[in-house]
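The values are calculated or read from the model by the stated rules, or taken from the named source; none is laboratory data. As the structure is a computational prediction, the values presented were derived from the model and not from experiment. Because the Cβ atoms are built from the backbone with ideal geometry, glycine has one as well, and the counts that use them run over all protein chains shown. Surface areas here come from the heavy atoms of the whole protein model, side chains and all, with no ligands, DNA or RNA. Shrake-Rupley method; radii C 1.70, N 1.55, O 1.52, S 1.80 Å.
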Amino acid sequence: MEVTNVTEYEAIAKQKLPKMAFDYYASGAEDQWTLQENRNAFSRILFRPRILIDVSKIDMATTVLGFKISMPIMIAPTAFQKMAHPEGEYATARAASAAGTIMTLSSWATSSVEEVASTGPGIRFFQLYVYKDRNVVAQLVRRAERAGFKAIALTVDTPRLGRREADIKNRFNLPPYLTLKNFEGLNLGSMDKADDSGLASYVAGQIDRTLSWQDVKWLQTITKLPILVKGVLTAEDTRIAVQSGAAGIIVSNHGARQLDYVPATISALEEVVKAAQGRIPVFLDGGVRRGTDVFKALALGASGIFIGRPVVYALAAEGETGVRKVLQMLRDEFELTMALSGCRSLKEITRDHIATDWDAPRVQPRALPRL
């Protein structure tokens, strides 16, 4: 069967992967309300297309932190990619590079920063979890810098792991042939078997719950790399992120895997964009499956989006070819959405191109005549 859209890869991945692996990638926290809402919220935003505009040439190129990329569609960090396909992060890195876009490597990758760098040229960011042992963090950041990574995406929504019930039921653990490659030499590369989720136990033992805004400042003292704060959902935290020297914000609810009943990221986006006041770029991840979703995010003020699950599903289905196809399909759909909305470049995409259910009514109702 020919795959014609990004969503179709999920069913193929479900067929191909062991249940424990698929459930790890697919599930959200607790009732999974936010998991559904990340998708559903996009469907409540409608277009206000402009017509009779010459759209014979469309430019999707943009810059992110000064790096030129072919489109505002980038790859989010997802852990354990070799659980989806033997080539794992190598395949993802090559696909991102071929598409002229950015890949974010997870701290919990099954390939190291050095291994991913060895796949060839490409603009790559490194997602960071802050461990209790700060020497481990400093070492990791230095290694990412040396390997040519261009930014740090600091995950700030995980002082503890969310309650992911599929992982508890499955007693989730990394397959024995895989390790957390970035931590191998530090004796932090493996997870112990646990009575619930092996990952939850690992996080409880290793990840620093005391993480605070002071640490965002501390990170800036140990690296020259720009720091993106990943996991912001409110105006209040946006203002503090700006004050704390963040180079950008990623509006993220961790793929709905942390706190359930937080809003969809597309619903939280505008609040964050308004609070940032154009001082730093705001990006979004969570629920993007169509080019129309990308357009909606940009219309609400995002500078770009990141995709997570589609990458691992496509990896499971077709390896590097699958990831290339996902990026190409989203690119093609986004280009078509721009054309049909009357936008020839990203700067032409405006708030007026969409209507949301929180907009004030556009037409004031006429006063009824007095009888």
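Please report the carbon-and-sulfur percent of the accessible area for region 89-185; probe 1.4 Å, protein heavy atoms only, DNA, RNA and ligands left out.
Carbon and sulfur: 49 percent of the exposed surface of region 89-185.
Could you work out how far apart the two model spin labels at Gln328 and Arg351 are, taking each label as a point 7 Å from the Cα in the direction of the beta carbon, and quote it in nm?
My value for the distance between the label points is 3.8 nm.
Sequence gap of 8 or more, or different chains, plus Cα separation below 26 Å: how many lysine pairs satisfy both in region 1-93?
4
How high is the FRET efficiency from Ala204 to Lys169, r the C-beta distance, R0 22 Å, rounded to 0.05?
Once rounded, the FRET efficiency stands at 0.75.
Roughly how many whole Å is it from the C-alpha centroid of region 251-280 to that of region 6-47?
18 Å
Two decimals, Cα atoms only, Kirkwood Rh: what is Rg/Rh over region 62-161?
0.96
Quick one: pull the percent of accessible area on region 279-371 belonging to carbon and sulfur, 1.4 Å probe, ligands and nucleic acids left out.
55 percent
Counting other Cβ atoms within 10 Å, which GluC sites (Glu not before Pro) in region 85-175 have at most 15 and lie in a DSSP loop?
none
Over the heavy atoms of Arg142, what accessible area does a 1.4 Å probe trace out, to the nearest 10 Å²?
120 Å²
May I have the convex hull volume per residue, in Å³, for the Cα set of region 160-276?
Normalising the Cα hull of region 160-276 by residue number yields 132 Å³.
So, counting K/R as plus one and D/E as minus one, what does the shell of residues with Cβ under 10 Å around Asn182 add up to?
That works out to -1.
Under a crude label model (7 Å from the Cα following the beta-carbon direction), how far is Arg143 from Gln243 in nanometres?
With each label placed 7 Å out from Cα toward Cβ, I get 3.5 nm.
Could you tell me which of rounded, prolate or oblate describes region 1-56, using a ≥ b ≥ c as the square roots of the eigenvalues of the alpha-carbon gyration tensor, with rounded for a/c under 1.5 and, failing that, prolate when a/b is larger than b/c and oblate otherwise?
oblate
Near Val136, within a Cβ-to-Cβ distance under 13 Å, what is the net charge of the other residues, with Lys and Arg +1 and Asp and Glu -1?
+1
Just round it to a whole percent: the fraction of Cα-Cα distances in region 317-356 exceeding 11 Å.
Within region 317-356, distances greater than 11 Å cover 68 percent of Cα pairs.
Express the Stokes-Einstein translational diffusion coefficient of the chain in µm² s⁻¹, to the nearest whole number, given a Kirkwood radius over alpha-carbon pairs, 4 °C and a viscosity of 1.567 mPa s.
Once the numbers are plugged in, D ends up at 61 µm²/s.
I need the peptides 250-257, 340-347, 208-215, 122-129 ranked by packing, meaning the mean over residues of other C-beta atoms within 10 angstrom, with the highest value on top.
So the order, starting with the most tightly packed, is 250-257, 122-129, 340-347, 208-215.
Please identify the DSSP H helices in the chain that span no less than 27 Å along the helix axis (Cα) and have a mean Kyte-Doolittle hydropathy of -1.0 or more.
309-341
Ignoring ligands, DNA and RNA, what accessible area per residue does the chain give at 1.4 Å, in Å²?
Accessible area per residue, the chain: 45 Å².
Once you have a ≥ b ≥ c as the square roots of the Cα gyration tensor eigenvalues for region 111-163, tell me rounded if a/c is under 1.5, and otherwise prolate or oblate according to whether a/b is larger than b/c.
Here region 111-163 falls in the prolate category.
Translational diffusion coefficient, Stokes-Einstein: compute it for region 186-344 using the Kirkwood radius over C-alpha pairs as Rh, at 37 °C and 0.692 mPa s, and state it as an integer in µm² s⁻¹.
In µm²/s, the coefficient rounds to 184.
Rounded, prolate or oblate: which fits region 1-135 when a ≥ b ≥ c are the square roots of the eigenvalues of the alpha-carbon gyration tensor, with rounded for a/c under 1.5 and prolate only if a/b beats b/c?
Note, shape of region 1-135 comes out oblate.
Regarding region 279-321, what's the average projected area of the Cα-atom convex hull, expressed in nm²?
Answer in nm², one decimal: 3.5.
For q values of 0.12, 0.22, 0.24 Å⁻¹, compute log₁₀ I(q)/I(0) with the Debye formula on a Cα-only model of region 262-371, without solvent.
So the normalised log intensities are -0.52, -1.23, -1.34.
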